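The structure appears right after this line, and notes come after that.
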Amino acid sequence: MKSEIDNQILIAFYNKRVSRATNEEQVIQLCNALLEKLFSDRGFDSFEHAVSAERSVLRKKISGIISKGNADCLGDNLIIEYKYDLNNNKQKEIAEEQLLENIEFLKREGDNAKYLLIATDGLRWINYAYLKDEKIKLRKVEEVEFNGKNIDDFIFYLKGIAFRRKNKVVPTKKRVAADLGLKSLTYLHSLNLLEKSFEKGKNEKKVIQTKFDLWKKQISIAYGSDQSDNNLFLRHTYLTLVSYIFSAIVIESTYSIKDNLFEILTGEWFRKHYVRNLVESDYFTWIIDLYSERNIKEILSEITNILETYDTENVPEDFLKELYQQLVDPQTRHDLGEFYTPEWLADAITENCLKEVNFENELPKILDPSCGSGTFLRSSAKYILEKANKRKYSIPKLIDSVVGIDIHPLAVITAKTNLFITWRKKIKEYAQPISLPVYLANTLTHTVSNAEDAPLIRMMEGDSNRWEIELLGNNFSFSETLLARQGFFNKVIDEIEEICNELVKKYSTENKNNLSNDVKSVLSNYKEIERKDNEELLKYSNFLLEQKFKKNDSVYSFVLRNQSMPKVLENEFDFLIGNPPWLTIKDINNLKYKEQILNLNEKYDCMSRNRGEQSSTEIAALFIPLAARYFLKNKKFSDNKSYKNIGFVLPRSFMTAKQHSQLRNANYHPHFYCAEIWDLNDVDNLFNVPSCVLFFNPLNPLKVNNKFITSPEALKAEINGRVFSGDGGNLIMSKNAEEKIDFKDSVFHYLNIKDKISAYVDIKNISQDFKNYLKKINYFKKQLSDDFQQGGIFYPQPLMIVDIVEKLRHPITRIRTNTDARKKTKKESLRNFNLDQLVDTKSLFLTAAGEHIYPFSLKEDSLWHVVLPVIQLPSGNLSLKSSQDLRKEGLTETAKYWSKVEDEWNKLKNNNEEELFKRIDFNSNLTNQNLQKRYLLLANASGSRQYVSFTDTETLPLPFIARDKTYQWRTNDKNEAGYYLGILNSDFINSIVDPFINLGLLGKRDIGTRMFSLPIPPYDQSQVLQTEISTKALNLYSKSNKLIRECNDQKSLIAKDVGILRRQIRNALHRESDELNNLIILYFNSH
């Protein structure tokens, strides 16, 4: 668009010329020139028309024939008749007659497109729709008359006719994203106008700022960190407008809805069409407060122009999903734990859960406790419509059978829109008010108190029959009886809201006396409301009126209605189907919210007590026991044992990761068991982490003997499932899935080794060596998991990793901050952190990263130097010291160094993080290392395979201390070290641990301590085969060490070359390694 000044000059010139037009040709030329000049930069191409001696003639190609009609101009689904004076009734009648002739002609020729008909003289523009009864009739739907002053309204109107499609198009995800997504002109233009209006509005109207603040709180509390900003809020507002306008067009596709936009935004228009809550007084209603602004009208007009070209009778998919995923960028969605399920997968999961239901006898109730944009709600509603069509269930019962809850405000809006589109024909048939059962609430924390941060519902202390709901630190308690009558409760709250609104209009200051009288009058009509509830409703009325007079009210009634819903829905459902958020505990930055989650763990016992494993646990783990306990019906839905009451899409780590062993071991409370497994690892373009689907049945436990893993009967613990493969991305509809997705039935086994490691493993991935190992496992008493310990936390690396400037000296040495550590850090301040000074040599140690660990040998020539605030005790263990303590010990130079390091750390750390000298000793992993033990085995913590290296620490120039990305074990017996070195590097033991390793997008990863958890024969120097294993392993160490020294002319390898060198060493040593491996298999089988 041109600038406003350019437009004003252009329109003034147009107004002058068109007012003097004396024939139709002049009007045509002036109108088309105006449109081209106004919108050429938006891609407008002039309407096709031809001019004859007498009048304009449309040339339209229909079915390969050039036919002549009587229209002056045909644009995309647009027919225009030009006259030079529509105030002349005769010319207006002629224009209408010609429009009728044109549309009748097109229909006779087989053109069934829906056209907008326009008559204009350049100043007066009249829009017509046409009704097709026995004969076509015109109906006037809109009129705009340019008076020389209403320039903005005139431009809005012209834009609407300049960009219209000829034919209605199916609103596929790709089409909607192209028209309205991030790269579309409509989005870019709308967001620019929204930003201007929002910045101005929140400064002028307090209520707008309040809505924004409450939205921020809703987003940040739900996901544990503040991911919100103005831009994201405006993106959400934009998609909200798209959702509302499209829903309105779905209801009324015959006529333009432009005259009803205000009623659409307030929700009144939908209530007239029997949908009570499609639009509510939520966070995005700030747009209503600015409705009269030109920018807002332009946004609404532009969005409506696009959406009115869609075929609303044919909405084949969750078309808003692609738009949603664009407007909330991938990184933000990942940070929020949002990974959206493709429709084909949602349909398949829904069918798998519901296929055993006899819809002739019972209509199941389904809940998605984290419904997102509503994909599973739509799938469930479609399935019910298909299966329940023979029995005439009431329409309200059908609609109430599929329920969604989500904490994300925009997700709730899009989910309601998708659910409405699915039920729209039933709603129209019913023709009575209904509510769409999708609610804004927190499934996880609705029973946890957090008065400071979020509105929540919780049971009152001392009264289990009353529930408290908190708003802005004010608590309102209501009985279970009242909350259970949700429709009635909502009606009362709405009446209170109306009374408050009327009082605000009448009085400039609060008038609580009038309020009390009016509310009491309303409540007196409801004799069934008990006295205490009456008092609480009156208390809420006073609160609401106070907020309204402060211009601070926006969404409190909306929040009150929604937050009470989890209580109302308790034990109401037969099935739980969905995709819970994928967010780990360590990703939650809000300490109070994290504490809530950990408290829930105590209740449901779904996380490890180990702090390290706990931090990697997905909060999705909580959804399974909490939802099963709180939302599933107490009684069985049916005696059919094949039901899967819960079906959740989850990260694949639930099948193998140690932090999710509580689920696999069926230790959750309440107890439930895995009934079926779908492995999605071989499906491309699905999620950005490997995934699976787990189906659970809390009512039909899988009978498993706790000792099954110690005998051959282990492989009888079978769980049916499927292994999927193919391209799972960008499938438009479920029917396309058959062409791109394949699956094979399989059987998974629950494997649990001594309660140390467990996994769900596909039977095809269990080797014969593994089966043989299981038969002998009772004879193997040693587990190295208690011996191999993780090292200290040497992070941030630039604060501790150093280079020796000249050479090692005693008692002090000059050091400098390691250059590579500075380059690799993501923190800008640490890139500039560079100390060059003396430290006490006693405080210098060697350490290793994963890149230093190779088969059998450590790359000793490039080990890192680290300065640590510790002293070595006579026992060989270490003692941690502060800077002050270091001075007392005489380590003055190190004290100076650590004082600077701690100052830098204090600038970087969060308020909840410990002092650095304490942090490095997490779980005593630093101070428990005994430096007096000579021989060291060091293993990598990440990667697809465990590599273990041997080192004689007496050959090193400084004492060695392990860091957190490695595991260390020490002994003074070289033969013992050699024995375990051989076992842990063998292909045999790696193949045993292989089924328990997590998968990433690039393959296996994070082997961790799994290998150390495998029972093996303990070291016994009297065992001849053990001595042979030790000898061969130490010989392999010598050869490996030599190969490393020769590599790259003894230059340090960078991390990206590590894998190459490891493979080179394995290839060079393969003959001797195979001999060692065969010897180990022989030894294990000899038991």
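I need the full set of residues from segment 739-762 which are outside any strand (DSSP E or B), surrounded by fewer than 17 Cβ atoms within 10 Å (Cβ to Cβ) and either β-branched (Val, Ile, Thr) or in contact (Cβ under 8 Å) with a residue 24 or more places away in the chain (or both), in order please. Answer for segment 739-762, where residues must be outside any strand (DSSP E or B), surrounded by fewer than 17 Cβ atoms within 10 Å (Cβ to Cβ) and either β-branched (Val, Ile, Thr) or in contact (Cβ under 8 Å) with a residue 24 or more places away in the chain (or both): LYS754, ASP755. Taking segment 773-785 as the range and being part of a helix (DSSP H, G or I) and either surrounded by 14 or more Cβ atoms within 10 Å (Cβ to Cβ) or assigned by TED's automatic domain parsing to the domain that holds VAL948 (or both) as the test, the residues that pass are TYR773, LEU774, LYS775, LYS776, ILE777, LEU784, SER785.
Please state which one of VAL403, VAL357 is touching a Pro at 6+ places or on another chain (Cβ under 7 Å) and within 30 Å of LYS216 (Cβ to Cβ). Talk me through it step by step, then tell me what you get.
Details: VAL357 fails: within 30 Å of LYS216 (Cβ to Cβ).
Result of the check over VAL403, VAL357: VAL403.
Restricting segment 415-462 to residues that are closer than 25 Å to PHE212 by Cβ and in contact with a His (Cβ under 9 Å, 6 or more places away or on another chain) leaves a set whose member that is modelled with the lowest pLDDT is LEU456.
Does LYS592 satisfy the criteria of being touching a residue at least 40 places away in the same chain (Cβ under 8 Å), surrounded by fewer than 19 Cβ atoms within 10 Å (Cβ to Cβ) and outside any loop (DSSP other than H, G, I, E, B)? Taking the combined requirement at face value, the residue satisfies it. Contact map, segment 492-508: first residue within 15 Å of TYR556 (Cβ to Cβ) and in the same structural domain as GLN547 (by TED's automatic domain parsing), second residue of a type in the set (Lys, Arg) and in a helix (DSSP H, G or I), Cβ cut-off under 7 Å, separation 6 or more or different chains; pairs are ILE493/ARG561; CYS500/LYS548; VAL504/LYS548.
Among the residues in segment 851-866, are any acidic (Asp, Glu), in contact with an Asp or Glu (Cβ under 9 Å, 6 or more places away or on another chain) and outside any helix (DSSP H, G or I)? Looking through segment 851-866, none of the residues is acidic (Asp, Glu), in contact with an Asp or Glu (Cβ under 9 Å, 6 or more places away or on another chain) and outside any helix (DSSP H, G or I). Within the set TYR238, TYR274, the sole residue that is touching a Pro at 6+ places or on another chain (Cβ under 8 Å) and hydroxyl-bearing (Ser, Thr, Tyr) turns out to be TYR274. In segment 546-582, the qualifying residues are those that are in contact with a strand residue (DSSP E or B) (Cβ under 8 Å, 6 or more places away or on another chain) and small (Gly, Ala, Ser), and the one that is farthest from LEU515 (Cα to Cα) is GLY578.
Residues that are out of contact with any strand residue (DSSP E or B) (no Cβ under 7 Å at 6 or more places or on another chain) and of a type in the set (Phe, Trp, Tyr) within segment 783-834 comprise just one, TYR795.
A single entry from LEU398, LEU385, LEU410 fulfils the requirement of being crowded, with 24+ Cβ neighbours inside 10 Å and either touching a residue at least 40 places away in the same chain (Cβ under 8 Å) or over 19 Å from PRO342 (Cα atoms) (or both): LEU410. Residues that are of a type in the set (D, E, K, R) and modelled with pLDDT of 90 or more were ranked within segment 805-819; the one that is surrounded by the fewest Cβ atoms within 10 Å (Cβ to Cβ) is ARG816.
Take GLU280 and tell me if it is touching a residue at least 60 places away in the same chain (Cβ under 8 Å) and surrounded by fewer than 17 Cβ atoms within 10 Å (Cβ to Cβ).
On the way: touching a residue at least 60 places away in the same chain (Cβ under 8 Å): yes; surrounded by fewer than 17 Cβ atoms within 10 Å (Cβ to Cβ): no.
In short, no.
Listed by position, the strands (runs of 3 or more DSSP E) contained in segment 946-1032 that have at least 2 residues being on the phi < 0 side of the Ramachandran plot and buried (at least 20 other Cβ atoms within 10 Å of the Cβ) are 948-952, 966-971, 998-1000. Filtering segment 621-677 to residues that are modelled with pLDDT of 85 or more and part of a helix (DSSP H, G or I) leaves SER653, PHE654, MET655, THR656. Considering the conditions (1) part of a strand (DSSP E or B); (2) surrounded by fewer than 22 Cβ atoms within 10 Å (Cβ to Cβ); (3) under 42 Å from the mean Cα position of the chain (by Cα); (4) not polar (S, T, N, Q), VAL802 is excluded by exactly one of them, (2). Of note, ALA939 satisfies the criterion of being closer than 19 Å to TRP864 by Cα and touching a strand residue (DSSP E or B) at 6+ places or on another chain (Cβ under 9 Å).
The values are calculated or read from the model by the stated rules, or taken from the named source; none is laboratory data. Just so it is clear, the model here is predicted, and its values are computed rather than measured. Backbone-built Cβ (ideal geometry, glycine too); neighbour counts: all protein chains shown.
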